[in-house]
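Asker: Sharing a structure, written as structure tokens. Questions coming.
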Amino acid sequence: MAGPLTALRVRFTPDSEQTPRDTRPPGPRRGARGRGKRKRTGIRRFFTWRRLLAYAAGLCALLIGAFTVLYYSIDIPKANAQAKAQSNVYKFSDGTILARTGEINREMVTLDRVPTGVQHAFVAAENKSFYKDSGVDPTGILRGLVNTVTGKGTQGGSTITQQYVKNYYLSQEQTATRKIKELVISLKVDQRNSKEDILAGYLNTSYFGRVAYGVQAAARAYYDKDVDDLSVEQGAYLAALVQAPSQYDWAVASPKAKRLVVRRWNYVLDNMVDMQWLDPAQRKRMRFPVPVDPEPAPGLGGQAGYLVDAARNELIASGVSDQELAAGGWTITLNVDPAKQRALEKTMHQGLDGSAKGKRARADAAATQGGAVSVDPKNGRIVALYGGRDYTRHYLSNATRGDYQVGPVFEPVTVAASLDAKMRNGAAAGGLPEVKRTAGALGMDTDGGFGTKESVGLGLMGSSPLRMAGVYASFDHQGKRVTPSIVKSARRGDETAGPPKAVGDQAIAPAAAQLITRSLVEDGGATAVRAVKRPAAGKGGVSDDKRAAWYVGYTPDLVTAVTLFGEDAKNRKQIPLKNAGVQRVADLWSDYTGQALRDAPPAWFDFGPGSGAVPVPTETAPAETIPTETAPAKTGPTAR
């Protein structure tokens, strides 16, 4: 029965059970599904899920359409005849020509001449899916494009087909346009050519170093045999070599690079086992096949080959590929000063062979190798370099090899680590981590020799005259890292290339570097420092194993590292030095430095304000002091 009670019950219904009409949000009426949603406004209305999906679909369609147009507009070009490759011209800093290189060494072979095991080694190394893929690796291409556009490098994961297309049809330039062409042409080549033809083309066009193009030239260059006679082990080394010919060439590889190439050689063979191309039992019996020594290219006798190799390695480290350099057409000007180069060659030649008399003396001289690098500390330029008696007789440069112990000349690095830590942290700290960090900051390779206090104290780590010259140049340049550089400029048409800036960030505190220099002026010269009759600092010594004698000395305007190494003339193994103490190598340094700076006015070390007098060792007195205020300010490190 309806009445006042019913009306009363309705009137007092709880708020949760009713929605008064006058409390609903204003706005247009919505259906049940749209009730409570607000209309998107501004830029948000363009980014709904439906619109985003539509955008993605549209972008995919656009890319597919663009690729279709590219696919039909880009045809397979004619071969980029390497026969047209030009010479590279190397010049001294004054423009005079040092050498010309660039002769192409290639002999084309059919695939049936390449042993099946060697073919499989290359596929296992570079592209395990070669026999199944369509000629491209989309993921690798995308990665390569991104790396090129963003400037993060040139690695990309190309297939064998892509590498063949790059070598045979295109150039070695690392641009997005070239990579797009490579992708399209690779797809077409894979459709038109058999896998056997593509593999043969790849093997005949790849660059292996030692100016060897193609697997036949590589077989001759590295194993002195025809490709038909290569073993699986030798084929695996050549397959590993393609990745970095200049780094992995066993004759010049650093200890670290030798470990890397052996690791890659093992990787190739293990992949062959995984692909069931090699019996596991046979694999276990395989040993690394050390290549033969190379035959140096003609025209690179004397020091020319060492200078050219140093320039090539520097350009490759800066991003120019082996293939680009081998293709030729470059004009490469070095920082090397002809007069200083002649002075260094003359000094080292006389020091090594000039005084040898008698059969035994000549035998001792033959077992002694010499290396030296001279650097301008203001800018890091290598003004002279001595790699050995003759590039055609001793292919490995003694100026850049890093397999001999540095011995006592490492001591200033240890002291620098302690001083720098104290200045940065306010407390003395010279532990192994700090020493290793400081050595790396100064430019040394810290791969080995830093494991114990004894190895650090004795300087058992290996290094090269080039790197040690850079370390001492950093002391000379107020603690800023100096990376010695031999390339002044490199041009090919409109293309230019060059190494990174030679003077880098602060490696150690300036005050620490000044203290190191002052201690080496007062304690490191002996007759070597006195003989140059100008402010000079230096450190010398013989390594713990007696196989290397070092002297690294510097004036404010020239840093030179000189070394003598003991090496068996027949098998190239390290042996103890004979009649080669520290005084002999120190004399070489002073003789060269005196000649190199003969016409240069004296320059003065800057030890900072309030440091007192600068000691200048002379022939007649242990140390003649000259007040710092008399030194020309423009020659001090702070003026640089």
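Asker: Give me the residue from region 180-216 that is open to solvent by 10 Å² or more (accessible area, probe 1.4 Å) and among the charged types (D, E, K, R) and, out of that set, modelled with the lowest pLDDT.
Answerer: The selected residue is LYS181.
Asker: Do we find a residue being under 21 Å from ILE160 (Cβ atoms), touching a residue at least 24 places away in the same chain (Cβ under 8 Å), in a helix (DSSP H, G or I) and within 26 Å of the chain's Cα centre (by Cα) anywhere in region 180-196?
Answerer: No.
Asker: Does at least one position in region 526-538 carry a residue that is touching a helix residue (DSSP H, G or I) at 6+ places or on another chain (Cβ under 6 Å), at pLDDT below 95, assigned to a strand (DSSP E or B) and open to solvent by less than 60 Å² (accessible area, probe 1.4 Å)?
Answerer: Within region 526-538, one or more residues are touching a helix residue (DSSP H, G or I) at 6+ places or on another chain (Cβ under 6 Å), at pLDDT below 95, assigned to a strand (DSSP E or B) and open to solvent by less than 60 Å² (accessible area, probe 1.4 Å).
Asker: Please go through region 318-352 and pick out each residue that is hydroxyl-bearing (Ser, Thr, Tyr) and closer than 20 Å to TYR248 by Cβ. Before you say what the answer is, go through the steps one by one.
Answerer: Taking region 318-352 first, the residues hydroxyl-bearing (Ser, Thr, Tyr) are 318, 321, 331, 333, 347.
Within region 318-352, SER318, SER321 qualify.
Asker: Same structure, new question: If you check THR154, THR177, which single one turns out to be at pLDDT below 75, β-branched (Val, Ile, Thr) and not in a helix (DSSP H, G or I)? Steps first, answer last, please.
Answerer: Details: THR177 fails: not in a helix (DSSP H, G or I).
So the residue among THR154, THR177 that is at pLDDT below 75, β-branched (Val, Ile, Thr) and not in a helix (DSSP H, G or I) is THR154.
Asker: Please verify whether VAL503 is surrounded by fewer than 21 Cβ atoms within 10 Å (Cβ to Cβ), among the β-branched types (Val, Ile, Thr), closer than 24 Å to PRO338 by Cα and at pLDDT 90 or above, treating the condition exactly as stated.
Answerer: Here the answer is yes, as VAL503 does meet what is asked.
Asker: In region 261-273, is there at least one residue being at pLDDT below 95 and open to solvent by 20 Å² or more (accessible area, probe 1.4 Å)?
Answerer: No, that holds for no residue.
Asker: Go through region 224-245 and report how many residues are open to solvent by 10 Å² or more (accessible area, probe 1.4 Å) and within 26 Å of the chain's Cα centre (by Cα).
Answerer: Matching residues across region 224-245 total 4.
Asker: All but one of (1) modelled with pLDDT of 95 or more; (2) part of a loop (DSSP other than H, G, I, E, B); (3) of a type in the set (Val, Ile, Thr) hold for THR392; state the number of the condition that does not hold.
Answerer: THR392 satisfies every listed condition except (1).
Asker: Check VAL373, VAL413 and return the single one that is at pLDDT 95 or above and more than 17 Å from ALA509 (Cβ to Cβ). Talk me through it step by step, then tell me what you get.
Answerer: Numbers: VAL413 fails: more than 17 Å from ALA509 (Cβ to Cβ).
Result of the check over VAL373, VAL413: VAL373.
Asker: Does region 460-481 contain any residue that is more than 17 Å from ILE516 (Cα to Cα), free of Cβ contacts under 8 Å to residues at least 60 places away in the same chain, open to solvent by less than 30 Å² (accessible area, probe 1.4 Å) and not in a loop (DSSP other than H, G, I, E, B)?
Answerer: Kept after step one, since they are more than 17 Å from ILE516 (Cα to Cα), are these residues of region 460-481: 460-467.
Cutting the leftovers down to free of Cβ contacts under 8 Å to residues at least 60 places away in the same chain gives us 461.
With open to solvent by less than 30 Å² (accessible area, probe 1.4 Å) added as a condition, the list becomes 461.
Filter once more, keeping what is not in a loop (DSSP other than H, G, I, E, B): none.
Taking every residue of region 460-481 in turn, none turns out to be more than 17 Å from ILE516 (Cα to Cα), free of Cβ contacts under 8 Å to residues at least 60 places away in the same chain, open to solvent by less than 30 Å² (accessible area, probe 1.4 Å) and not in a loop (DSSP other than H, G, I, E, B).
Asker: OK, next. What pairs come up if the first residue lies in region 250-278 and is more than 13 Å from ALA125 (Cβ to Cβ), the second is among the basic types (Lys, Arg) and in a helix (DSSP H, G or I), and their beta carbons are under 7 Å apart, counting only those six or more places apart or on different chains?
Answerer: TRP250/LYS258; VAL273/ARG283
Asker: Determine which single condition THR414 fails, assuming it passes every other condition in (1) surrounded by fewer than 22 Cβ atoms within 10 Å (Cβ to Cβ); (2) among the polar types (S, T, N, Q); (3) within 23 Å of the chain's Cα centre (by Cα).
Answerer: (3)
Asker: Among (1) open to solvent by 40 Å² or more (accessible area, probe 1.4 Å); (2) without any contact (Cβ under 8 Å) to a residue 60 or more places away in the chain; (3) not in a helix (DSSP H, G or I), there is one condition PHE450 misses while meeting the rest; what is its number?
Answerer: (1)
Asker: Here's something else I'd like to know. Answer yes or no: is there a residue in region 299-322 that is among the aliphatic types (A, V, I, L, M) and closer than 19 Å to ARG106 by Cβ.
Answerer: The answer is no, given that none of the residues of region 299-322 is among the aliphatic types (A, V, I, L, M) and closer than 19 Å to ARG106 by Cβ.
Asker: In region 400-421, what count of residues is obtained for those that are in a loop (DSSP other than H, G, I, E, B) and within 17 Å of GLY440 (Cβ to Cβ)?
Answerer: 2
Asker: Does ARG518 satisfy the condition of being at pLDDT 95 or above, open to solvent by 40 Å² or more (accessible area, probe 1.4 Å) and either closer than 28 Å to GLU314 by Cα or not β-branched (Val, Ile, Thr) (or both)?
Answerer: no
Asker: Here's another thing I want to ask about it. Are any of the residues in region 302-311 in contact (Cβ under 8 Å) with a residue 40 or more places away in the chain, under 24 Å from ASN127 (Cβ atoms) and either among the aliphatic types (A, V, I, L, M) or surrounded by 22 or more Cβ atoms within 10 Å (Cβ to Cβ) (or both)?
Answerer: The answer is no, given that none of the residues of region 302-311 is in contact (Cβ under 8 Å) with a residue 40 or more places away in the chain, under 24 Å from ASN127 (Cβ atoms) and either among the aliphatic types (A, V, I, L, M) or surrounded by 22 or more Cβ atoms within 10 Å (Cβ to Cβ) (or both).
Asker: So is GLN276 farther than 26 Å from SER463 by Cβ and either hydrophobic (A, V, I, L, M, F, W, C) or surrounded by fewer than 20 Cβ atoms within 10 Å (Cβ to Cβ) (or both) or not?
Answerer: yes
Asker: Here's another thing I want to ask about it. Regarding region 491-498, can at least one residue be identified that is buried (at least 17 other Cβ atoms within 10 Å of the Cβ) and closer than 28 Å to ASP606 by Cα?
Answerer: Scanning region 491-498, I find no residue that is buried (at least 17 other Cβ atoms within 10 Å of the Cβ) and closer than 28 Å to ASP606 by Cα, so the answer is no.
Asker: Next up: Say we look at region 197-222 and pick out the residues that are among the charged types (D, E, K, R) and in a helix (DSSP H, G or I); which of these is nearest to VAL232 (Cα to Cα)?
Answerer: Among those that are among the charged types (D, E, K, R) and in a helix (DSSP H, G or I), it is ARG220.
Asker: Name the single residue, out of those in region 157-172 being farther than 29 Å from GLN276 by Cβ and in a loop (DSSP other than H, G, I, E, B), that is modelled with the highest pLDDT.
Answerer: Step by step, filter region 157-172, then rank; the result is TYR169.
Conditions tested, residue by residue: (1) at pLDDT 90 or above; (2) not aliphatic (A, V, I, L, M).
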| residue | (1), (2) |
| --- | --- |
| GLY95 | yes, yes |
| ALA99 | yes, no |
| GLY102 | no, yes |
| LEU111 | yes, no |
| VAL114 | yes, no |
| TYR131 | yes, yes |
| VAL136 | no, no |
| THR150 | no, yes |
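The values are calculated or read from the model by the stated rules, or taken from the named source; none is laboratory data. Note that this is a predicted model, so its numbers are computed, not measured. Note that each Cβ is placed from the backbone with ideal geometry, even for glycine, and that neighbours are counted across all protein chains shown. Surface areas here come from the heavy atoms of the whole protein model, side chains and all, with no ligands, DNA or RNA. Shrake-Rupley method; radii C 1.70, N 1.55, O 1.52, S 1.80 Å.
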